[in-house]
Amino acid sequence: MKNGTCWLDDAGNLIQAHGGMIARFGDKWYWYGENKDGPTLREGGVGYRVDVIGFSCYSSYDLQNWHYEGLALEAKHEDPNHPLHPSQIAERPKVIYCENTGKYVMWFHADTADYILGAAGCAVADRPEGPFTFLYWTHPNRRDCRDINVYKDPVTGKAYIIHSGDWNHTLYFSELNDEYTGFTGNCFAQLAEQTREGGTVCYHDGLYYCVSSGCTGWSPNPTLYATTRYLTTPMQLVDNPCEGPKYRTTFDGQSTYIFEAEGKFYLMLDHWKKEDLQKSGYSILPIDFDGEQMTVTWQPEFNGLV
Ligand code: GAL
């Protein structure tokens, strides 16, 4: 698969899984993301958007051949005020398995078309493919929630949503409760006043690394990584980890998620095409570590677990 371009599923259709994540559940990999398979609309000066269709789920045994499993969570057409109504914004779905309940829990950025609401939406399913049932939307710990991720700390076992808040000024970690469908009230800020989006975390050799983008809408900007020895103590921004052509604009992409496969970390990027969002491309790039330095080197192709 050519990095930076659109990718096809095993039926020859465009993979529609933007702002997504890849996770392993059982013996398969699952890719969740925004289905943007519709016309890009420009309305009221608030920018480019596609009506909400829902969140796609794809499955794979090798991270290369992807099978469409359908919409894991579908748009709700009946109620114009429902956060999944086509006229709203539903972005960056992330799924985490809850061992306590045996359920798959999805968190996503739920918003109004003008991006004023800034909320987190929650849905649950019995199977990774869904269908997910929408539960509610909320402002976690009374904070706004824009770009969103989930993270399970391998050291403490605690799970969090990571969300850009305070109008994107600060990244918040809101700890999930035992069912992962609500919050414990434990919430801490990271990268305060650094205006980061697309935040995603991995833990390597005693250090947490948080990769994030700047905040320039659909336009690319430099990625930065930050590190901390303890997740709850302040991270320090270190550097741009990207190496290769267009490293200053994240190879014209934006971070969405870090996943681990066979002991190696990979960074997923979206290559947004703001005037035709359904044609936005993807990259999956290996992450390398040298001491406490993180590097994401451009590779023209990602060919799964070869
Ligand atoms: C980006 C964000 C995307 C989307 C876009 C809308 O900054 O990362 O997920 O919300 O803004 O302009």
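The values are calculated or read from the model by the stated rules, or taken from the named source; none is laboratory data. Keep in mind that this is a model prediction, so the values were computed, not measured. Please note: Cβ atoms are built from the backbone with ideal geometry, for glycine as well, and neighbour counts cover all protein chains shown. What goes into the accessible areas is simple: the full protein's heavy atoms, side chains included, and nothing from ligands, DNA or RNA. Shrake-Rupley method; radii C 1.70, N 1.55, O 1.52, S 1.80 Å.
Worth pointing out:
- In this structure the chain gives 41 Å² per residue of accessible area when probed at 1.4 Å with all protein chains present.
- Positive-end residue, the chain charge dipole about Cα centroid, Cβ charges, pick of Ala90, Ala23, Gly12: Ala90
- Overall, the range 144-268 carries a charge dipole of about 220 debye about its Cα centre when +1 sits on the Cβ of Lys and Arg and -1 on the Cβ of Asp and Glu, all other atoms neutral.
- Descending Cα extents along the principal axes, the range 4-126, whole Å: 45, 37, 25
- Here the contact order of the range 171-228, divided by its residue count and restricted to Cα pairs under 8 Å and six or more residues apart, works out to 24 percent.
- Largest first, the extents of the alpha carbon coordinates of the range 224-306 on the three principal axes equal 40, 31, 24 Å.
- Magnitude of the charge dipole for the chain, about its Cα centre and with charges confined to Cβ atoms of Lys, Arg (+1) and Asp, Glu (-1), is about 320 debye.
- Between Lys274 and Lys246, the simple label model (points 7 Å from Cα in the Cβ direction) yields a spacing of 1.5 nm.
- Apportionment of accessible area to carbon and sulfur, the chain, percent (1.4 Å): 47 percent
- Whole-angstrom gap from the range 205-280 to the range 36-86, using each part's C-alpha centre: 23 Å
- Whether the range 102-206 is rounded, prolate or oblate, judged on the alpha carbon gyration tensor where a/c under 1.5 counts as rounded: oblate
- Fraction in percent of alpha-carbon pairs per bin - 20 Å, the chain: 37, 61, 2
- A straight Cα-to-Cα reach below 23 Å connects Lys246 with the lysines Lys2, Lys273, Lys274, Lys279, residues fewer than 8 places away in its own chain not being considered.
- Measuring nothing but how far apart in sequence close Cα pairs (under 8 Å, 6+ apart) lie, relative to its length, the chain scores a relative contact order of 15 percent.
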